[in-house]
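The values are calculated or read from the model by the stated rules, or taken from the named source; none is laboratory data. No experiment lies behind these values; they were computed from the predicted model shown. Backbone-built Cβ (ideal geometry, glycine too); neighbour counts: all protein chains shown. For accessibility, only protein heavy atoms count, side chains too; no ligands or nucleic acids. Shrake-Rupley method; radii C 1.70, N 1.55, O 1.52, S 1.80 Å.
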Amino acid sequence: MKKIGGLLVVLLAMSSQVAHGAEMPAVIDRPRPQDGPTQVSVGIWIADITSIDSAQQSFTAEIAVVLRWKDPRLAHTGAGVVRYSIEQVWHPRIAIVNETSAVSRKFSDYVEVEPDGGVIYRQRYAGPFTQPLRLRSFPLDRQTFHIELVATRYRPNEVMFVPDQDWINNGLKHGGGIAPSVTLPDWTLEKWETKPSTYPLAPGLVYSSYVFEFTASRNVQHYIWKVILPLVLIVIMSWAVFWITPNDAGPQISIAVTSMLTLIAYRFAIDNQLPPLPYTTNLDAFILMSTVLVFFSFIEVLVTTILEDQKRNRLAITIDRFCRVIFPVMFAIASIAIFVHPGS
C-alpha cells in the first residue's frame, strides 16, 4: 500500500509538471529567425504632459504603449485570447532609455495571444523622463522632446520596429499621437512624429529602437510680465538721476543706490525661476546688461557730483543731458540684439 501511495504521489507530481508546462510555453527564442528580423509594430499615445522642468532637464508625462508581433508557436484553437505573463513568451524586451527611476508602470506585465499567434503587449508609463535641453535662447526657446523605446537585446537585423497599422487605420497618423488637451500651461505643442531608429549603447553595439518626438515652444508671457518688465522698470527708475540737477547730490545718490540694491534683491528673488546652467542664456544676458546700465547710472552720478564740487556745473549738466539719450538708446539696442536674434 505504501508503494502504491508513493507511486500515486509521483504520478500526481508528474501530471502537475505537465500541466504547468502547458501553461508556460518555452518560447524564449525569437520566432522564425530564418525569415529575417522580427517585425514589431508600435503604437505610442501621450495621454498627458503635466510639466516640463527646465532646471531638472526633464518632463513628466503619461504614455500608453502598445506592441504587436506574430509568434506562430503560440497559435491556439480557442475563440478568444490567451493571456500569459510576458516572461513566459518571447518579447522584444523594450526599455525606455530616458525614463527615470520614478517612472511607474500602471499595468501588469502580460501579453494577450490571439488564435493566429498574434501577440499584443500593452503598458502605461507615468513619471518624469530625462531630456537634455538647449536653453541659450531661454525664455524664447523651442525644444524637441523624445521618448525612445529600445529592444535591449536585439540588433536592427533581429528586430524591426514599425508604426502600428491598426492605429493608422483608426486615424492615428504614424501609429501614435498626443491627447488634444494636455496639462502644460506654459508650453505650446507644435508638432510630433514617430520613426524607427537605432540606439548605440557602445561603439560597435547598436540596438534597434523606436522614437516618438514632439516639439514645443515656451510661452513667454510669464517671463515678460514677471521677470523682464520689472527689470525694465528698475532700469528706467535709475535714469531719473539724469533729470535731477547736479547740485542735488543727495537725491541723485539715493536714487542710484536704491536702484542698484533693488536690482540685486530682485535678482535673488527670481533666481529660483531660472535654470542653473554652465552657460549664459538670453535672459541671463538681459539681466546682466540691466545690472551694468544701473551701475553705470550710479557711476554717472558720482562723476557729475565730483564735477559739481569742482565748480564745473556746465559740464555736469551736459553729461546729464547726454546720458538722457544715450542710456535709453543703449538699452534698446542691447535688448534687440539679445532677443531678436536669440541663440540656438
**Request:** Looking at (1) under 28 Å from V329 (Cα atoms); (2) buried (at least 19 other Cβ atoms within 10 Å of the Cβ); (3) not hydroxyl-bearing (S, T, Y), find the lone condition where G176 falls short.
**Result:** (1)
**Item:** Evaluation of T50 against (1) under 15 Å from Q39 (Cβ atoms); (2) assigned to a strand (DSSP E or B); (3) open to solvent by 20 Å² or more (accessible area, probe 1.4 Å) (one fails), failing number
**Value:** (1)
**Asked** Residues in the stretch 206-215: is at least one closer than 19 Å to A64 by Cβ, open to solvent by less than 30 Å² (accessible area, probe 1.4 Å) and among the small types (G, A, S)?
**Response** yes
**Request:** Considering only the stretch 83-130, give the strands (runs of 3 or more DSSP E) lying wholly within it that have at least 3 residues that are surrounded by 19 or more Cβ atoms within 10 Å (Cβ to Cβ).
**Result:** 118-130
**Request:** Determine whether the stretch 217-225 contains at least one residue that is part of a strand (DSSP E or B), among the charged types (D, E, K, R) and surrounded by fewer than 20 Cβ atoms within 10 Å (Cβ to Cβ).
**Result:** no
**Request:** Among the helices (runs of 4 or more DSSP H) lying completely within the stretch 230-344, list those that include at least 3 residues that are among the aliphatic types (A, V, I, L, M), at pLDDT 90 or above and open to solvent by 80 Å² or more (accessible area, probe 1.4 Å).
**Result:** 313-339
**Request:** Provide a single number: the residues in the stretch 146-176 that are of a type outside the set (V, I, T) and under 17 Å from F59 (Cα atoms).
**Result:** 3
**Prompt:** Out of P156, P163, P196, which single residue is in contact (Cβ under 8 Å) with a residue 60 or more places away in the chain, surrounded by fewer than 19 Cβ atoms within 10 Å (Cβ to Cβ), under 17 Å from S41 (Cα atoms) and not hydroxyl-bearing (S, T, Y)?
**Reply:** P156
